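A short write-up of the structure that comes next.
The values are calculated or read from the model by the stated rules, or taken from the named source; none is laboratory data. Every value quoted in this text rests on a predicted model; they were computed, and no experiment measured them. We place every Cβ from the backbone using ideal geometry, glycine too, and count neighbours over all the protein chains shown.
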Amino acid sequence: MNLEKVIFGFFIVLAATLNFGFFIGDIERPELHHVYELAAALIVSLIATVLKFGDRTQIGAIHLSTSLVADLQLIAAAITWAVAVHVTGVGMTPEVTSSVVSLSGGALFANIVSVIILIVETVMLRR
Amino acid sequence: MVNSAFFLVLRRMRGPIIVLIVIYGISVIGLTLVPGVDAEGRPAPPLSIFHAFYFISYTATTIGFGEIPTAFSDAQRLWVTFCIYLTVVGWSYSVLTLIALLQDKGFQNTLTVNRFRRRIRRLKEPFYLICGCGETGNLICRTLDRLGHAFVVLEKDELRVQEIDLQDFKTDTPALAADARQPNILKLAGLQHAKCRAVLAVTNDEEANLAIAIAVRLLNPGIPVIARARTPSVAANMASFGTDHIINPFARFAEYLGLAVASPERFRLIEMLTGLPETPLPEPHRPPAGRWILCGYGRFGHLLATHLQPAGIDLTIIDPGCADCASPPTIRGHGTEAVTLRQAGIDSAAGIIAGSDDDVNNLSIAVTASELKPSLFVVTRQNHSVNNPLFAAYNADFTMIPGRIVAQECIAILTTPLLAAFLDLLRERDETWSGALVVRLQALCDGRTPALWAIKLNIAEAQGAYRALMQGRRIALGDILRDGTDRSQALPAATLLIRRDKELILLPPDEFLLAAGDELLLASSLSARRNLELTLHNPNELDYVLTGSEVSGSWLWERFMRSGRPGAPAGEP
């Protein structure tokens with residue numbers, strides 16, 4: 001067992017699960033999508049991205065790019081939330097909530113791709 | 001891969017960046033949990049995630065705007081104090097890691113290799129790959145640079161590479177401190193580059209030269225490789241897989257010395273032709289026949305014996321080892337003491353060779369010998385160029401410098417492949433013929449050795465002459481050997497050889513009619529070379545040299561030529 005692989009897999013799966021936790025629920029209802037879950041998903045996704053730095057293989061490159069997509073989507077969701085709550089002051093209306101959640105939905109898709117690549121990589125592993 | 005340095009940075013920075021993200025996460029989340037206080041001192045809800053992130057961002061980067069949006073409660077201050085220390089540690093760790101990475105030997109090496117690779121890829125003109133830049137390599141570099149050839153240098157010693165960077169070469173010279181024995185280093189240095197002309201393996205290490213030669217043979221069989229070898233076994237090994245030229249400086253010098261005794265004029269001619277271009281002419285050497293003393297009977301000594309004995313020289317050997325004492329007669333010792341020299345019969349000897357591998361001993365032998373007998377012909381072997389001042393001060397009759405011999409031969413082979421054919425023809429000529437040619441060559445470039453160069457009358461090298469010849473124009477050799485700035489002056493150049501298909505014409509006369517595709521071997525100064533090259537390449541210049549009339553390509557060109565050449569007005573018949 002390789003500790004590096006454990007940590008790597010842990011963060012990738014955790015990023016996907018946290019993302020899923022935030023995403024699940026009626027898209028318009030703010031009480032089903034807590035901002036802490038979004039924050040946690042973003043932090044774990046960033047860590048997962050950094051863990052993928054410096055891998056020069058083809059699969060490593062795709063890993064990194066899916067992670068970057070997830071980060072980008074989550075950061076966009078976080079900015080949308082911050083603008084709605086603190087800048088314009090409209091609060092978590094159904095429109096704002098649905099746009100934040102759908103952005104995180106995009107990130108969820110990227111995270112799922114990451115997990116699939118992880119699984120494929122593991123299946124291909126010969127040792 | 002080109003951006004390997006970038007990947008290295010990413011890989012090394014993984015730890016610090018993750019630490020930073022975790023620290024930020026803990027600080028921000030913590031700050032959103034600690035209750036605040038409002039202006040009247042009543043408990044207020046904690047900061048929102050956005051405000052917490054904003055606060056931590058400016059605090060962590062030590063910008064410090066104060067407590068925004070409202071003054072903090074003591075509980076918040078307690079948490080922020082903790083956060084401040086945490087983030088400072090995180091940032092310091094990242095910055096220190098980055099600085100350490102920039103100073104890292106491996107990282108800098110990656111950057112250097114990347115830069116070197118980029119420079120090699122951008123090389124547009126043909127270049128030579130020189131492996132080993134010691135005394136020999138450096139001499140080759142400087143000469144190639146003066147002749148205007150580009151080259152790439154691989155050298156194991158980093159200090160020497162730095163010296164190359166400091167030397168002011170005209171051409172752009174990529175140099176890398178790396179072991180040329182590794183095939184991937186050779187590939188990196190452009191072994192398989194389309195413009196690589198030849199590889200020179202001139203390191204001090206026999207095994208390295210061998211490894212380079214075989215790597216070139218296998219990785220790029222199309223280009224010639226020139227290798228230096230000191231021992232016969234390595235030379236035989238190199239020859240076995242088809243190394244194009246193997247240079248053994250000891251064998252070459254022994255051959256020269258034998259030649260200098262047997263036929264001095266021919267030796268002088270070869271010396272002039274193979275000398276580095278535009279260097280002072282070597283002094284004429286006239287070693288006498290008779291009995292000689294040879295100090296040091298190692299590899300060099302053995303080669304000398306095999307070449308000198310047929311030339312009619314009897315040898316008495318002085319060697320501390322005294323391995324095979326039967327013949328020639330051997331005396332045990334170094335030859336640095338007068339006793340040993342007397343024992344070897346210095347009074348009746350004609351010459352002495354100080355040929356050990358120790359420069360100080362060689363000088364000591366030479367000085368002692370010339371004190372005992374001032375009329376003695378002294379040959380010294382100089383092993384290191386750092387001892388140049390000592391050997392110059394002693395001024396022996398003949399000094400053998402291995403590095404110089406290798407460099408001369410490399411340059412001669414690389415720049416003029418026709419020279420080998422000429423030297424072959426030379427063997428059949430007598431002494432008076434050689435003597436006459438020496439006198440002629442000496443006059444070419446007052447007191448300096450002429451540059452030897454070849455030009456082929458084809459579309460690439462001599463466009464003007466080629467077109468004229470293809471149009472059926474009759475051009476005699478003497479017609480083109482005129483000064484391009486003033487055709488009444490003859491160009492100081494000598495045509496040594498013309499190759500037409502398989503035929504070789506030695507010293508063609510001025511009336512010789514040229515044909516397209518002829519390959520000419522010429523001896524002249526470097527400026528005369530540029531002059532003649534322009535004449536043969538540019539149709540207008542050629543026209544002027546042949547007929548004196550200035551046909552111009554265009555009106556502007558005509559104006560330009562008129563102002564540039566007042567002595568030869570346009571329209572002259």
Yes/no for B:ALA393 being touching a residue at least 60 places away in the same chain (Cβ under 8 Å), farther than 26 Å from B:ILE226 by Cβ and surrounded by fewer than 21 Cβ atoms within 10 Å (Cβ to Cβ): no
Identity of the residue in region B:356-372, without any contact (Cβ under 8 Å) to a residue 60 or more places away in the chain and of a type in the set (A, V, I, L, M, F, W, C), that ends up farthest from B:GLY321 (Cα to Cα): B:LEU372
Selected residue (only one of B:LEU546, B:LEU532, B:LEU521, B:LEU536 is in contact (Cβ under 8 Å) with a residue 12 or more places away in the chain and assigned to a strand (DSSP E or B)): B:LEU521
Pick from region A:19-38, criterion without any contact (Cβ under 8 Å) to a residue 60 or more places away in the chain and acidic (Asp, Glu), ranking: nearest to the other protein chains (Cβ to nearest Cβ): A:GLU37
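Does B:PRO46 meet the test of being under 30 Å from B:ASN109 (Cα atoms) and more than 8 Å from every other protein chain (Cβ to nearest Cβ)?
Here the answer is no, as B:PRO46 does not meet what is asked.
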For B:ARG11: the one exception among (1) within 23 Å of A:ILE75 (Cα to Cα); (2) part of a helix (DSSP H, G or I); (3) within 14 Å of another protein chain (Cβ to nearest Cβ); (4) of a type outside the set (A, V, I, L, M): (1)
Any hit, region B:158-171, residues being touching a helix residue (DSSP H, G or I) at 6+ places or on another chain (Cβ under 7 Å), at pLDDT 85 or above and over 17 Å from B:ILE411 (Cα atoms): no
Check on A:ALA16, crowded, with 20+ Cβ neighbours inside 10 Å, in contact (Cβ under 8 Å) with a residue 40 or more places away in the chain, facing chain B (nearest Cβ under 10 Å) and part of a helix (DSSP H, G or I): no
When residues of region A:39-92 are limited to those that are among the β-branched types (Val, Ile, Thr), away from chain B (no Cβ under 11 Å) and under 16 Å from B:SER48 (Cβ atoms), the one surrounded by the most Cβ atoms within 10 Å (Cβ to Cβ): A:THR80
Qualifying residue in region B:25-35 (condition: hydroxyl-bearing (Ser, Thr, Tyr), surrounded by fewer than 19 Cβ atoms within 10 Å (Cβ to Cβ), within 14 Å of chain A (Cβ to nearest Cβ) and outside any loop (DSSP other than H, G, I, E, B)): no
Condition check for A:SER45: modelled with pLDDT of 90 or more, over 26 Å from B:SER27 (Cβ atoms), under 19 Å from the mean Cα position of the chain (by Cα) and among the small types (Gly, Ala, Ser): no
Which listed residue, of B:VAL379, B:VAL406, is crowded, with 22+ Cβ neighbours inside 10 Å, in contact with a strand residue (DSSP E or B) (Cβ under 7 Å, 6 or more places away or on another chain) and part of a helix (DSSP H, G or I): B:VAL406
